[in-house]
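Written out below as structure tokens is the structure these notes cover.
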């Protein structure tokens, strides 16, 4: 019984982890149809922000929950103004330009902080025990934060006027701009928010994974496959794909080991895309958010 | 006529390649030759993406996956067979087979451009993290350990059917350069066949090609598989040039590099990406000798600048300039002839009005240009 609970929790953490690293990417992709290949580097920058701030004496929670999203959000807005906005409607060029950006960020961070791991910080909050097994309390917190983040995004999109304008722009940008919405500003804000959420995710994961200039590569493969498998709907897509892929990965990893877990994740995603080329929400629940 | 000029151009380039192959070893030092072998392997990889992306219009961001699979398959097969002859064939076939599986899922699932790019990239990255985990004696194929992140030492190429005669690095250079020339001739022949032209038409307008009755999925799968085979060959050459194969062949940096060669060299040409690969290889090795500027930084800037500023790539842009210059010169020559005819007599004056409408309201502009014409 304890074993089931412990394994279940581990799988749940895997799912939450997947959703956390994918949400920022999903927002930018779902709203703007821009695939941000610098996503992994946004996560990396969030991680660095936390590590540097914590080493400078800033409270860890402030660094993770406020500084990381703020810094990366600002970087996101700058990137959107300088680079992305010239490329709207040219999907492939956007893809290439953000890839260049990703290399650029890796280069800059390597030049400043060196290629090896920056001073790491240990995860706060000790452990909780489930019968004879223990689990990190910080992982539990991450699950909670992921759920809270999902709910927050849902509420912003559904309840606020910003969310309404954003959804309108997403559905029909031309009509929205004819009705007096500054679509360019909506895109800027959306990109900034997507970047901020990526920064938050990177900051939250920094104590678990440590930070490296190239750590983005660890995340992006999983984040991409989750977003693509999820399809266009931001929340439903990310949630359903995370549950499916994270679940498969967790179960396979528990039964055989982490290597097979990743293979199972990839194979599931490929089979899924063969059956539903436009992702889960391209096939099922189309009207969802 | 254009086609004939095209064929002549291809043969001329191939001849330059053969000439280079014959002369280089006697002019250059051994160290440079060994380095060149690696650069040539990368050029073959660039060629494979030039075919798949430039002609097939398939945005494959993980072309290095097939390259890496080729390198691993060659190494593992050569260790198990105790000779390289069959191993080369196995490497190419494994890369093609892998591409057929991935390609079947993508093309028959109607996965479009950007999704396709992300999926291929993801496949490459997942292979990277997968192979990195395979250290330890549990992971082996036949006699060959997979070696985790340290990789495997690749046995060098030997003479066909004679495993005891192992080629020296300077001989491997001949093999690599020869393979590059053959691969170049093969791919440019392929783009001129019926198959190749259908692929280009699919790149230009997929719906129209489909309505004309071509099975778009099959053609895409075909060119994708051929490209993977060429990339697999590149992998074989690469692990011979470097002497070992590590999981780094699958990493993001190499995936980006492959794309950058093609962007810089130019989509829609075969020689452009090859030159792009050589150029960037020497740029990155020059950068590697100093430590102030980071490699990633420079590559990132190159990629961004090219996407924003030279989206067509160097070779097509240059070709465009030359064509524009040729047209301008022809126009100028025609204008000069007209002016001469007009100056000679009133006969021209009758059709002068009609002809004047042709070159447009270009009276003043023509005069301005006329001043420069005698130069």
ask   = Which residue pairs have Cβ atoms closer than 9 Å, lie 6 or more positions apart in sequence or on different chains, and pair a first residue in the stretch B:16-38 that is surrounded by 12 or more Cβ atoms within 10 Å (Cβ to Cβ) with a second residue that is not in a helix (DSSP H, G or I)?
value = B:36/B:28
note = Those residues of the stretch B:228-257 that are in a helix (DSSP H, G or I) and touching a strand residue (DSSP E or B) at 6+ places or on another chain (Cβ under 6 Å) come to a total of 1
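Test residue A:255 against the criterion of being more than 10 Å from chain B (Cβ to nearest Cβ), over 16 Å from the mean Cα position of the chain (by Cα) and in a helix (DSSP H, G or I), and give yes or no.
yes
To keep it simple, each residue is scored yes or no on (1) assigned to a helix (DSSP H, G or I); (2) in contact with a helix residue (DSSP H, G or I) (Cβ under 6 Å, 6 or more places away or on another chain).
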residue	(1), (2)
B:12	yes, no
B:41	yes, yes
B:48	yes, yes
B:59	no, yes
query = How about the stretch B:285-343: which of its residues are farther than 18 Å from residue B:273 by Cβ, touching a helix residue (DSSP H, G or I) at 6+ places or on another chain (Cβ under 9 Å), within 14 Å of chain A (Cβ to nearest Cβ) and not in a loop (DSSP other than H, G, I, E, B)?
reply = B:287, B:288, B:295, B:296, B:297, B:298, B:300, B:301, B:304, B:308
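If we scan the stretch B:232-248, do we find a residue that is closer than 26 Å to residue B:134 by Cβ and within 14 Å of chain A (Cβ to nearest Cβ)?
Yes; the residues of the stretch B:232-248 include at least one that is closer than 26 Å to residue B:134 by Cβ and within 14 Å of chain A (Cβ to nearest Cβ).
Each row is one residue, and each column tells you yes or no for (1) buried (at least 22 other Cβ atoms within 10 Å of the Cβ); (2) touching a strand residue (DSSP E or B) at 6+ places or on another chain (Cβ under 6 Å); (3) within 11 Å of chain A (Cβ to nearest Cβ); (4) in a helix (DSSP H, G or I).
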site: B:96; (1), (2), (3), (4): yes, no, no, yes
site: B:107; (1), (2), (3), (4): no, no, yes, yes
site: B:173; (1), (2), (3), (4): yes, no, no, yes
site: B:181; (1), (2), (3), (4): no, no, no, yes
site: B:198; (1), (2), (3), (4): no, no, no, yes
ask   = Is it the case that residue A:211 is in contact (Cβ under 8 Å) with a residue 40 or more places away in the chain and outside any helix (DSSP H, G or I)?
value = yes
Exclusive hit being in a helix (DSSP H, G or I), at pLDDT 80 or above and closer than 20 Å to residue A:36 by Cβ, set A:139, A:80 = A:80
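Yes or no, residue by residue, for (1) more than 28 Å from residue B:121 (Cα to Cα); (2) surrounded by fewer than 24 Cβ atoms within 10 Å (Cβ to Cβ):
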site: A:153; (1), (2): yes, yes
site: A:185; (1), (2): yes, yes
site: A:192; (1), (2): no, yes
site: A:222; (1), (2): no, no
site: A:238; (1), (2): no, no
request  = Give the residue that is farthest from residue A:214 (Cα to Cα), with candidates limited to residues of the stretch A:88-104 that are surrounded by fewer than 24 Cβ atoms within 10 Å (Cβ to Cβ), more than 7 Å from every other protein chain (Cβ to nearest Cβ) and in contact (Cβ under 8 Å) with a residue 12 or more places away in the chain.
outcome  = A:88
remark   = Exactly one of A:267, A:263, A:248, A:218 is farther than 28 Å from residue A:167 by Cα, within 14 Å of another protein chain (Cβ to nearest Cβ) and out of contact with any helix residue (DSSP H, G or I) (no Cβ under 8 Å at 6 or more places or on another chain), and that one is A:267
message = Being under 22 Å from residue A:267 (Cα atoms) and either within 11 Å of another protein chain (Cβ to nearest Cβ) or surrounded by fewer than 20 Cβ atoms within 10 Å (Cβ to Cβ) (or both) is the requirement here; does residue B:114 meet it?
response = yes
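The values are calculated or read from the model by the stated rules, or taken from the named source; none is laboratory data. In this text, all values refer to a predicted model and were calculated from it rather than measured experimentally. Every residue, glycine as well, gets a Cβ built from its backbone with ideal geometry; the counts of neighbours run over all protein chains shown.
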